[in-house]
Amino acid sequence: MRPGVKPDGRDGLDAVDRIRFQQLVLPHLDAAFNLSRWLMRDRAEAEDATQEAMLRALRFFRGYQGGDARAWLLQIVRNTCRTRLGKSNPAGTTTEFDEDLHPQVDETPEALAIAGDERDRLMRAIEALPARFREVLVLREFEGCSYKEIATITSLPMGTVMSTLARAREKLQRSLVPGSGLGAEHGGGRQ
Amino acid sequence: MSCDRVTSTLHGYFDGELDAAGAAEFERHLQSCAHCTSALEATSVLRSSLQRSALRERAPDSLRRRIDAALEAPASPRASVGAATNAWRWLALAASFLLVVLIGWRQFEGLGGSRQASALASSVVDAHLRSLQPGHLVDVVSSDQHTVKPWFDGKITYAPTVRDLATAGFPLLGGRLDVLQGRTVAVVVYARRKHLINVFVWPTRERDSPPSPGSRLGYNWLGWRKGGMEVIAVSDVNAGDLEALHQLLVK
């Protein structure tokens, strides 16, 4: 215990910790939300999960020893999302993505300029990937994470990150071939 | 190589994650494998589509506000007023740390630009950057000047000015000892909105001097001498804020 610490009682952090948190961790809020968005497959759920993860990160911040703050945060986001998904879906069954329940909002002008077709197809194809494929794909393609960072975030060995990413991309490619339908997976379904 | 392994390797190669030997081996394989060549091309097309579709989502403002509100420390009243969350400022801050560390810095116009003053200013900014690392900012954490000031007793032979300026928008965060050019100095730490200000204080025999500002790579500083003390305040807040702090400290 540092002398004279006056935590505010909610999370045991003092003003210094809060400022450091704001400078080190909060810049990665977009990354946190994006990962959460793709894991939860629902914007409202993603907002709640991200908020919960940020507050958990704040609580754990005393234990943060420096290093890659983004990977540290995304690890917490991932665990929070998995816990929430596990709660709402204890049987572990996959819920089909329902377009009516998940209307797209907040589209950027750039995104609207793209043929809506391609964007929609991509989005649905990613949403349809199994979670373990979806998370490595999103971390690599949208967040630009290295294999090492993905390994930290997902607690998978580096080699597994590489092979999972390989299978995720192949599955995505196959599902994007017109007329192929989704989920035509071949090969061993290990891991 | 087994089929599975070739597939994994192809993606490792595509992502630039293979070591030099692995990459060279795969390139040799590519020359004789039409299947891998087209698979590599397809992976590249997929990445282009993903980038072009702009599917990465940014955190909505409503979420940002909720988190910002949760983060506001009750210890810093008024901090939230008009201080909308500004991720760019933090990004810029992070970028400027990097720049300062990478490029270094040799000038300190504020104290006359002499070689000695330059080296000193350089040390002060180094110390400021160091203070932002985990566990380095404060040795005594308190917003109470009557806790911080006595903490320096017995550790140094002079008494730095320590004031709780929370009502003026500069809440006191604490103090620490730091080393500048081999000399132990007192550092009093204040907050300004979401920024930190390190105020370095040590005794001097020089005459009083008016505040002398300077800035470089996103950091501002203000140095002055008064009553036998040399003071340098360093921060990423604007020069006006440092001047305001100076006024409050010499009052």
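The values are calculated or read from the model by the stated rules, or taken from the named source; none is laboratory data. Predicted model only: the values in this text are computed from it and were never measured. Glycine also receives a Cβ, built like all others from the backbone with ideal geometry; neighbour counts cover every protein chain displayed. Ligands, DNA and RNA are excluded from the accessible area calculation, which covers all protein heavy atoms including side chains. Shrake-Rupley method; radii C 1.70, N 1.55, O 1.52, S 1.80 Å.
Residue-by-condition table, conditions (1) modelled with pLDDT under 95; (2) open to solvent by 10 Å² or more (accessible area, probe 1.4 Å):
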position: A:Val5; (1), (2): yes, yes
position: A:Asp8; (1), (2): yes, yes
position: A:Asp14; (1), (2): yes, no
position: A:Arg20; (1), (2): yes, yes
position: A:Leu24; (1), (2): yes, yes
position: A:His28; (1), (2): yes, yes
position: A:Ala31; (1), (2): no, no
position: A:Arg43; (1), (2): yes, yes
position: A:Ala49; (1), (2): no, no
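Quick one: would you say B:Gln181 is free of Cβ contacts under 8 Å to residues at least 40 places away in the same chain, open to solvent by 10 Å² or more (accessible area, probe 1.4 Å) and of a type in the set (S, T, N, Q)?
So B:Gln181 fails the test.
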Please work out if B:Val100 is touching a Lys or Arg at 6+ places or on another chain (Cβ under 6 Å) and modelled with pLDDT of 55 or more. no
Please tell me if A:Ala111 is at pLDDT below 85, part of a helix (DSSP H, G or I) and not basic (Lys, Arg). yes
Using beta carbons and a limit of 8 Å, which pairs, at least six apart or on different chains, have the first residue in the range A:36-54 and more than 10 Å from chain B (Cβ to nearest Cβ) and the second one among the small types (Gly, Ala, Ser) and surrounded by fewer than 24 Cβ atoms within 10 Å (Cβ to Cβ)? A:Leu39/A:Ala131
Please find, within the range B:138-159, the residue that is modelled with the lowest pLDDT out of those that are open to solvent by 60 Å² or more (accessible area, probe 1.4 Å) and within 13 Å of chain A (Cβ to nearest Cβ). B:Asp139
Please determine, by comparing only the residues of the range B:228-241 that are part of a loop (DSSP other than H, G, I, E, B) and more than 22 Å from B:Gln181 (Cα to Cα), which one is farthest from the chain's Cα centre (by Cα). B:Asn238
I'd like to check something: does the range A:76-86 contain any residue that is of a type in the set (A, V, I, L, M), open to solvent by less than 30 Å² (accessible area, probe 1.4 Å) and under 15 Å from A:Gln22 (Cβ atoms)? no
Please indicate, with yes or no, whether at least one residue in the range A:151-161 is within 18 Å of the chain's Cα centre (by Cα), polar (S, T, N, Q), open to solvent by 10 Å² or more (accessible area, probe 1.4 Å) and away from every other protein chain (no Cβ under 11 Å). yes
Scan the range B:6-41 for residues that are outside any loop (DSSP other than H, G, I, E, B), surrounded by fewer than 13 Cβ atoms within 10 Å (Cβ to Cβ) and over 37 Å from the mean Cα position of the chain (by Cα) and report the count. 9
All positions within the range B:184-200 that are away from chain A (no Cβ under 14 Å) and surrounded by fewer than 23 Cβ atoms within 10 Å (Cβ to Cβ): B:Thr184, B:Val185
Of the listed residues (B:Ala127, B:Ala121), the one being in a helix (DSSP H, G or I), open to solvent by less than 50 Å² (accessible area, probe 1.4 Å) and touching an Asp or Glu at 6+ places or on another chain (Cβ under 6 Å) is B:Ala127
